[in-house]
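Participant: My questions will all concern the structure given below.
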Amino acid sequence: MALTVKLQVFEGPLDLLLHLIEKNKVDIYDIPIVEITEQYLQYIRQMETEDMNVMSEFLLMAATLLDIKCRMLLPAEVNEDGEEEDPRAELVQKLLEYKMYKYMSLELKDRQTDARKNLFKIMTLPQEVQEYKTPIDYEQLIGESTLQQLHELFKTMMKRQADKIDPIRSTFSQVEKDEVDMEQKMAYVEGFIHSRRKLAFIDLLEQQKNKMEIIVTFLIVLELMKMGKIQIHQEDTYSEITIVSNEVRAAG
């Protein structure tokens, strides 16, 4: 029975071989070389082309098939491990590689087709949406320390400040307004931490003069944690809270 095919359907001899194997529904690892060779040669006889480069590729494969066919008629060769060598093994490997690349090219072609359906749109979000900032996760910000621990430390510092008050002078009716420059205090705290690289949180708080400075220092420490400039560590619940400058970590 004549095999009716068109040359343009196949991109090369491997493409034709793969087509014949799939058409005959045979196992690619156990190719019936006689049957496939006969069908392949039928196709070669029907080829009509003036392009010798194309023709030579198909003829080369035909010669390879005939060589495999002849070798299969001879006693099987044995390799160094004492195993019989299959004359079709190299051809099977080439077909498997070609099949893989062919399916990959089809997948890429489908993705290219799908990509053409994608359209670009300039961002037109409302101003309030663009300016939205993700809420701060204070639990992640504080890390291993808990708010209860920070609160206990804060109360301890407040008590120390109260103990420093002169019981006699505190009775004087003089009211003073506590004013703290946030930018100046931020620069001071950041420089204080960076100059010491690693210090106890309580050492920083003891440098403050009054209640307002302690509160501002707490806020500044939280802000520096948020900015990623420092880290706070505590080995266990009642151990000392330590501040570490991240600039030193990056340098190390």
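Participant: Among the numbered criteria (1) out of contact with any helix residue (DSSP H, G or I) (no Cβ under 9 Å at 6 or more places or on another chain); (2) among the charged types (D, E, K, R); (3) over 15 Å from Leu16 (Cβ atoms), which single criterion is violated by Lys69?
Facilitator: Status for Lys69: all satisfied but (1).
Participant: Spot the failing condition for Leu65; the list is (1) surrounded by 11 or more Cβ atoms within 10 Å (Cβ to Cβ); (2) of a type in the set (A, V, I, L, M); (3) not in a helix (DSSP H, G or I), and only one is missed.
Facilitator: Going through the list (1) surrounded by 11 or more Cβ atoms within 10 Å (Cβ to Cβ); (2) of a type in the set (A, V, I, L, M); (3) not in a helix (DSSP H, G or I), Leu65 breaks only (3).
Participant: If a residue has to be assigned to a helix (DSSP H, G or I), without any contact (Cβ under 8 Å) to a residue 12 or more places away in the chain and more than 24 Å from the chain's Cα centre (by Cα) to count, how many in region 99-117 make the cut? Lay out the reasoning, then the answer.
Facilitator: Here is the first cut: in region 99-117, the ones assigned to a helix (DSSP H, G or I) are 99-115.
Imposing the further condition that a residue be without any contact (Cβ under 8 Å) to a residue 12 or more places away in the chain reduces the set to 100-101, 103-115.
Those left that are additionally more than 24 Å from the chain's Cα centre (by Cα): 100-101, 103, 105-106, 109-110, 113.
Of the residues in that region, 8 qualify.
Participant: So, one more: How do the helices (runs of 4 or more DSSP H) wholly within region 164-252 filter down when requiring 2 or more residues that are exposed (fewer than 11 other Cβ atoms within 10 Å of the Cβ) and at pLDDT 80 or above: which remain? Spell out how you get there, then give the answer.
Facilitator: Working: elements: 182-196, 201-205, 211-226, 246-251.
Correct list: 182-196.
Participant: Mind telling me which of the residues Val54, Val92 ends up being of a type outside the set (Asp, Glu), surrounded by 11 or more Cβ atoms within 10 Å (Cβ to Cβ), modelled with pLDDT under 80 and closer than 26 Å to Glu35 by Cα? Reasoning before the result, please.
Facilitator: Values: Val92 fails: modelled with pLDDT under 80.
Result of the check over Val54, Val92: Val54.
Participant: Inside region 44-62, can you point out the residues that are outside any helix (DSSP H, G or I) and either under 13 Å from Leu16 (Cβ atoms) or touching a Phe, Trp or Tyr at 6+ places or on another chain (Cβ under 6 Å) (or both)? Write out each step before concluding.
Facilitator: Residues of region 44-62 outside any helix (DSSP H, G or I): 47-51.
Matches in region 44-62: Met47 only.
One line per residue, one yes/no per condition, for (1) of a type in the set (Phe, Trp, Tyr); (2) part of a loop (DSSP other than H, G, I, E, B); (3) under 19 Å from Leu20 (Cα atoms):
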position: Asp30; (1), (2), (3): no, yes, yes
position: Glu38; (1), (2), (3): no, no, yes
position: Gln42; (1), (2), (3): no, no, yes
position: Asp86; (1), (2), (3): no, yes, no
position: Gln93; (1), (2), (3): no, no, yes
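Participant: Take Tyr132 and tell me if it is free of Cβ contacts under 8 Å to residues at least 12 places away in the same chain and either in a helix (DSSP H, G or I) or on the phi > 0 side of the Ramachandran plot (or both).
Facilitator: On the way: free of Cβ contacts under 8 Å to residues at least 12 places away in the same chain: yes; either in a helix (DSSP H, G or I) or on the phi > 0 side of the Ramachandran plot (or both): no.
No, not satisfied.
The values are calculated or read from the model by the stated rules, or taken from the named source; none is laboratory data. Given the structure is predicted, the values throughout are model-derived calculations rather than measurements. Note that we place each Cβ from the backbone using ideal geometry, even for glycine, and neighbour counts take in every protein chain shown.
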